[in-house]
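**Q** Take a look at this one; I'll ask things after.
Values quoted throughout were computed directly from the atomic coordinates according to the rules given, and no laboratory measurement underlies them. Not measured: the values here are computed from a predicted model. Cβ sites come from the backbone with ideal geometry, for glycine too, and all protein chains shown count toward neighbours.
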Amino acid sequence: MNTAVRPIHSGQAPTDPVVAPDPHVLRAVLSNAAYFRYWRACAAMGPVFLAAFLICWGALGHNIPPIPADHTAAQMGEFFRTHYNEVRAGMAGAMLFGVLYLPWTLSITKVMEWINPRENNIVTTLQMWGGGLTVVPLVTSSVFWLTGSYRPDVLSDITLQMLYDQGWLLIDMFYAITTIPMVAIGVAGLADQRARPLFPRWACWYSIWAGISFLFELLMPFFKSGLFARQGWLNFWVEFLVWFIYILVITYYVFKAIPRLEQERAALLSKA
Amino acid sequence: MNDVAQAQGSESAAPIIRSGQVPGVLVFIIADMIVFCMLFVGFMTERMGQTALFDQSAATLDVRMGVFNTLILVTSGLCVVLAVHAAHAGRREATRRWLLVSFLIGAGFGVTKLLEYSAKIELGITMHTNDFYMFYYALTGAHFLHFIGGMIALAVLWFMVGREPLDGRLAGLVESGALYWHMVDLLWIFIFPMLYLLGPR
Amino acid sequence: MTTHAHLSPRAAVLVWAFLVSATLGSAWLAEHHAFAGSLTAVFVMLVAFCKGFAIMRYFMELRGAPLNWRLAFGIWGVAATALIIGLWVWTARGG
């Protein structure tokens with residue numbers, strides 16, 4: 001096969017510009033096997049995170065749906081005194097699996113580095129940090145619920161209520177750190193010059209929209225009931241489902257991108 | 001952003017939407033519209049349980065302001081249509097002119113909205129006053145944030161058309177910005193009657 | 001590649017004129033309930049649907065768009081209008 005003639009980037013029409021990434025991205029000294037090692041494993045951490053989070057944080061932690069904000073302190077105290085072992089287990093799991101958002105983010109970053117070598121790496125770096133720092137609200141909010149379940153017999157109802165509230169206020173109101181990578185992925189993906197972009201345009205626009213749609217959470221602290229409260233159909237069900245779908249969609253396209261990049265890189269190296 | 005736009009380059013092209021490829025911004029727009037539709041249903045459902053309260057509260061809204069707001073947005077919408085038309089014809093000055101006029105007319109919406117809000121707040125009416133006002137502030141507030149985004153888009157496009165060559169790619173961006181602006185208009189077309197006009201006055 | 005004509009500036013102004021008169025008309029109707037009586041709200045929402053349809057079809061130039069998109073936006077318009085009217089009627093009948 002004459003690799004000098006066929007298009008370098010998979011999915012590109014013959015007239016598409018051929019642009020190799022910078023040496024520090026290409027890392028020509030590595031074989032393809034070495035270069036792509038761990039990448040798929042990192043990408044797989046997205047769905048693993050999601051499943052584990054749903055089980056631990058969601059089911060065991062009694063967070064799907066959140067306990068309504070208009071429950072009394074007495075009800076919250078009763079909840080912790082009854083369900084403390086489930087919550088301890090759930091939160092221990094959530095704090096463990098929450099960190100998987102980091103390797104998953106890295107797998108996306110690696111794809112973004114290859115999207116358009118003519119762009120600088122600002123958007124890619126923002127995505128890496130934003131996604132990595134998203135671990136913070138995921139894990140730290142869980143520590144509040146964990147604290148409530150640790151010694152519920154001693155703490156007052158009001159304190160227990162405060163701890164449950166605090167976890168939700170953190171996880172809900174820290175959305176902006178996740179908005180950054182979601183918008184970044186979309187913006188970077190839209191700059192793809194390939195005839196068949198690594199991230200399809202609809203996925204880019206969905207990612208941008210999903211990231212910005214978290215802004216409805218701005219209303220969450222103001223309401224204890226109704227659609228804008230933490231348990232509301234909008235600020236819980238819609239917002240979280242939109243985020244879960246985003247995780248699945250992006251994971252899917254990362255897995256699709258990796259073999260294409262393997263081809264591209266192999267062709268670039270054989271041409272060199 | 002749009003492969004076809006790039007391929008067409010500086011030919012005076014039919015709008016992107018004509019050639020079978022649509023601006024990806026439509027995904028953003030339809031997603032937003034779906035959520036707003038859910039909010040409409042939420043409002044109408046809540047209204048079912050508190051009809052008298054909702055109608056009473058709705059009667060305190062200033063219909064004239066609402067009408068004026070609608071007229072501002074549709075007129076601003078007309079101007080972006082003309083801006084897109086000029087952009088596809090490669091007429092830079094005309095494009096900028098229509099974008100600017102659109103922005104200036106649109107700014108009127110911001111002014112009237114702030115007047116409306118301050119009038120209500122002065123009367124002590126906030127989003128906690130009752131469920132109708134919660135929806136009133138949340139719906140018009142969310143819409144207002146979209147309006148701000150649209151105004152920023154218009155301004156950015158005005159700058160870009162002034163500084164960059166008005167090729168197919170930039171015309172495509174103007175078209176995308178215009179589509180978003182039409183969404184702002186479209187949402188208000190439904191929000192206004194639903195909040196202001198459904199009850200007896 | 002299809003080559004529909006642009007929405008001409010003249011046609012755009014005509015659409016705008018329709019939008020303006022529909023807006024003024026439905027606001028007048030809402031303030032003068034005697035005209036359409038208890039169905040004023042329904043009328044008003046139907047006018048909103050027509051205005052929305054005009055914006056989608058002409059201003060957004062969706063008439064030249066692929067079927068999927070025309071369906072998506074068309075369905076939105078019908079659904080939003082039908083849901084608002086439906087819930088209004090259901091409420092008026094005693095919820």
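**Q** Membrane-span-like helices in chain A: DSSP H runs reaching 20 Å or more (Cα, own axis), mean Kyte hydropathy at least 1.6?
**A** Passing helices, by number: A:176-190.
**Q** On a 0 to 90 degree scale, rounded to 10, what angle separates helix B:131-163 from the longest Cα axis of chain B?
**A** Taking Cα atoms only, the helix is inclined about 20 degrees.
**Q** Determine, for each peptide in C:22-33, A:26-37, the mean count of other beta carbons within 10 angstrom over its residues, then list the peptides with the highest first.
**A** Highest-to-lowest ranking by the protection proxy: C:22-33, A:26-37.
**Q** In deg cm²/dmol, rounded to 500, what helix-only [θ] at 222 nm does chain A give when every DSSP H run of at least 4 residues adds -39500 (n - 2.57) and the total is split over its residues? Before the final figure, lay out the partial values.
**A** Values: 11 runs with 170 residues, N = 272.
So the helix-based figure for chain A works out to -20500 deg cm²/dmol.
**Q** Taking chain B as a Gaussian network, where each spring joins two C-alpha atoms under 10 Å apart, which residue of B:ASP62, B:ASP185, B:ASP167 fluctuates the most?
**A** B:ASP62
**Q** Separate question: Can you list, largest first and rounded to whole Å, the semi-axes you get for segment A:36-266 by taking the square root of 5 times each eigenvalue of its Cα gyration tensor?
**A** Result for segment A:36-266: semi-axes of 37, 18, 12 Å.
**Q** Just subtract the alpha-carbon distance of A:VAL48 and A:ALA92 from 0.36 nm times their residue separation and send over the number in nm, one decimal.
**A** 14.3 nm
**Q** Taking the Kirkwood radius as the inverse of the mean 1/r across Cα pairs, report the Rg/Rh of chain B.
**A** On the Cα set of chain B, Rg over Rh gives 1.05.
**Q** Of A:PHE244, A:ILE122, A:ASN32, which is farthest on the positive side of the dipole of the protein assembly as shown, counting Cα position, with +1 on Lys and Arg Cβ, -1 on Asp and Glu Cβ, and the Cα centre as origin?
**A** A:ASN32
**Q** While we're on this one: Cα centroids of segment A:58-113 and segment A:138-157: how far apart, whole angstrom?
**A** Between the Cα centre of segment A:58-113 and that of segment A:138-157, the gap is 12 Å.
**Q** Mind jotting down the distance between the C-alpha centroids of segment A:253-271 and segment A:191-211, whole Å?
**A** 18
**Q** Something else about it: Using a Cα-Cα cut-off of under 12 Å, which aspartates and glutamates could be cross-linked to A:LYS271, ignoring same-chain neighbours fewer than 8 residues away?
**A** Output for A:LYS271: empty list, no partners.
**Q** Is it possible to state the helix-based mean residue ellipticity at 222 nm for chain B, with each DSSP H run of 4+ residues giving -39500 (n - 2.57), the sum divided by total residues, to the nearest 500 deg cm²/dmol? What is it?
**A** -27500 deg cm²/dmol
**Q** Ignore the peptide's own chain and count Cβ atoms of other chains within 10 Å of each Cβ in B:183-189; give me the average, rounded.
**A** The shielding value for this peptide is 6.
**Q** A further question follows. For segment C:9-92, compute the orientation-averaged projected area of the C-alpha convex hull (one quarter of its surface), in nm². Please report the intermediate quantities before stating the final value.
**A** Values: hull surface 23.6 nm².
Answer in nm², one decimal: 5.9.
**Q** For a distance above 18 Å, tell me the whole-number percent of Cα pairs in segment A:17-118 that qualify.
**A** For segment A:17-118, the fraction of Cα-Cα distances above 18 Å is 63 percent.
**Q** Using the Cα centre of chain A as the reference point, and only Cβ charges (+1 on K/R, -1 on D/E), how large is the resulting charge dipole? Debye, rounded to the nearest 20.
**A** The calculated dipole for chain A is roughly 1040 debye.
**Q** Enter the mean number of other protein chain beta carbons within 10 Å of the beta carbon of each residue in A:142-148, as an integer.
**A** 0
**Q** Students often get this wrong, so check it: of A:LYS224/A:LYS256; A:LYS256/C:LYS51; A:LYS224/B:LYS120; B:LYS120/C:LYS51, which have C-alpha atoms separated by over 31 Å? Mind showing how you got there, number by number?
**A** Numbers: A:LYS224/A:LYS256 43 Å; A:LYS256/C:LYS51 42 Å; A:LYS224/B:LYS120 23 Å; B:LYS120/C:LYS51 28 Å.
Pairs exceeding 31 Å: A:LYS224/A:LYS256; A:LYS256/C:LYS51.
**Q** Just the C-alpha atoms of segment B:53-116: what Rg/Rh do they give, with Rh taken as the Kirkwood radius?
**A** With Rh from the inverse mean 1/r over Cα pairs, Rg/Rh is 1.21.
**Q** What 222 nm value per residue comes from the helices of chain C, counting each DSSP H run with n ≥ 4 as -39,500 (n - 2.57) and dividing by all residues, nearest 500 deg cm²/dmol?
**A** Computed mean residue ellipticity for chain C: -23500 deg cm²/dmol.
**Q** If each Cα of segment A:223-272 is one equal point scatterer, what is log10 of I(q)/I(0) from the Debye formula at q = 0.22 Å⁻¹?
**A** Cα-only, vacuum Debye calculation for segment A:223-272: -0.77.
**Q** How many partner chain Cβ atoms sit within 10 Å of a residue's Cβ in peptide B:66-79, on average, as a whole number?
**A** 5
**Q** Ok, one more. If you take the square roots of the eigenvalues of the alpha-carbon gyration tensor of the protein assembly as shown and sort them as a ≥ b ≥ c, do you get rounded (a/c under 1.5), prolate (a/b over b/c) or oblate?
**A** Because a/c hits 1.5 or more and a/b fails to exceed b/c, the protein assembly as shown counts as oblate.
**Q** Just subtract the alpha-carbon distance of A:ILE245 and A:TRP233 from 0.36 nm times their residue separation and send over the number in nm, one decimal.
**A** The A:ILE245-A:TRP233 span can extend by a further 2.7 nm.
**Q** Please give the helix C:40-54 orientation as an angle from the longest Cα principal axis of chain C, in degrees from 0 to 90, rounded to the nearest 10.
**A** That works out to roughly 10 degrees.
**Q** Here's another thing I want to ask about it. Can you figure out the FRET efficiency of B:LEU114 with A:TRP202, using R₀ = 30 Å and their beta-carbon distance, to the nearest 0.05? Could you put the intermediate results ahead of the total?
**A** Working: r = 36 Å, r/R0 = 1.19.
For B:LEU114 and A:TRP202, the calculated efficiency is 0.25.
**Q** Pairing the Cα long axis of helix B:168-196 with the longest principal axis of chain B, what angle in degrees results, from 0 to 90 and rounded to the nearest 10?
**A** 10
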